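The block underneath contains the structure these notes are about, expressed in structure tokens.
The values are calculated or read from the model by the stated rules, or taken from the named source; none is laboratory data. Worth saying up front: this structure is predicted, and the values here are computed from it rather than measured. Counting neighbours? That spans all protein chains shown, and the Cβs are built from the backbone with ideal geometry, glycine included. Calculation scope for accessible area: heavy atoms of the full protein, side chains included, ligands and nucleic acids excluded. Shrake-Rupley method; radii C 1.70, N 1.55, O 1.52, S 1.80 Å.
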Amino acid sequence: MRFKLYSIAAACSLGAGLLNALAIRYFLYWTFSWFDVIVHVLASIMVFIVSFALFSHRFETKKALYLALGSTLVVGVLWEIFEYISGATRFEPGLIEDTLYDLASDIFGGAVGAWLSFTEAKKLQNK
């Protein structure tokens, strides 16, 4: 289970990093308003899976899922605060809408990560 989940997390991390680098280089975040949704989803899947893997060592599956979802939301909120403090979004029109879309993308990515993690945990329990 862990190898598959870590592989998915690594792929999401690499994908988010590559897309972010391309977005900055080619101004994709400013050209396509939806582009950061993809990066947020991939990053939040990775955060969820890594959090779940860490929490599942110490807690039962259900509690680990809740803690991982909470961690994903905390990281998403902290990222939005970082974007604001660094000036990346402070003067953007539609700041509140963008922040809400980003957090919704984080929640969606967390849900995908939860589904992947729960599916893998269930497979392990059935063996």
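Leaving out ligands, DNA and RNA, and with a 1.4 Å probe, what % of the accessible surface on the chain is carbon or sulfur? Walk me through the intermediate numbers first.
Details: 5820 of 8060 Å².
Roughly 72 percent, rounded to a whole number.
Quick one: accessible area per residue over the range 1-46, 1.4 Å probe, rounded to a whole number of Å²? Intermediate values should be presented prior to the final figure.
On the way: 2820 Å² over 46 residues.
Ligands and nucleic acids excluded, the result is 61 Å² per residue.
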Checklist outcome for this item: Total charge of the residues flanking Val112 in space, meaning their Cβ is under 15 Å from its Cβ, with Lys and Arg +1 and Asp and Glu -1, is -1
Item to check | Residue-wise HN-Hα coupling along the range 17-22, computed from phi with Karplus coefficients 6.51, -1.76, 1.60 (Hz; x: Gly, Pro) | outcome: x, 5, 4, 5, 4, 5
Checklist outcome for this item: If one builds a Gaussian network model of the chain from Cα atoms under 10 Å apart, the most fluctuating residue listed among Ala53, Ala111, Ala21 is Ala21
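Counting other C-beta atoms within 10 Å, and keeping those with at most 11, which DSSP coil chymotrypsin sites (Phe, Trp or Tyr not before Pro) do you find in the range 61-99?
On the way: sites: Tyr66, Trp79, Phe82, Tyr84, Phe91; in loops: Phe91.
When the chymotrypsin sites (Phe, Trp or Tyr not before Pro) of the range 61-99 are filtered for loop state and at most 11 Cβ neighbours within 10 Å, Phe91 remain.
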Item to check | Under the Karplus curve 6.51 cos²θ - 1.76 cosθ + 1.60, θ = phi - 60°, whole-Hz ³J(HN,Hα) for the range 70-81, x wherever Gly or Pro sits | outcome: x, 5, 4, 5, 4, 4, x, 5, 4, 5, 5, 5
Checklist entry - Measuring from label point to label point, each 7 Å out along Cα→Cβ, what is the Glu97 to Trp30 span in nm? => result 1.9 nm
Checklist entry - If you take the Cα Rg of the chain and divide it by 2.2 N^0.38 Å, with N the number of residues, what do you get? => result 1.12
Next on the checklist: P(r) for the range 37-86, please, calculated from all Cα pair distances in 5 Å bins and given in %.
Outcome noted: 4, 24, 24, 21, 13, 8, 4, 1
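Quickly rank 37-47, 96-106 as a protection proxy: mean count of other C-beta atoms within 10 Å, highest first. List each step's numbers first, then the result.
Values: 37-47: 23.8, 96-106: 16.4.
Going from most to least packed, we get 37-47, 96-106.
Where nothing but the Cβ of Lys and Arg (+1) and of Asp and Glu (-1) is charged, how large is the charge dipole of the chain around its Cα centre, in debye to the nearest 20? Walk me through the numbers before you get to the answer.
Numbers: 10 positive and 10 negative charges, 182 e Å.
Here the size comes out at about 880 debye.
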Next on the checklist: I need the phi-derived Karplus couplings for the range 50-56: 6.51 cos²θ - 1.76 cosθ + 1.60, θ = phi - 60°, integer Hz, Gly and Pro marked x.
Outcome noted: 5, 4, 4, 4, 5, 5, 5
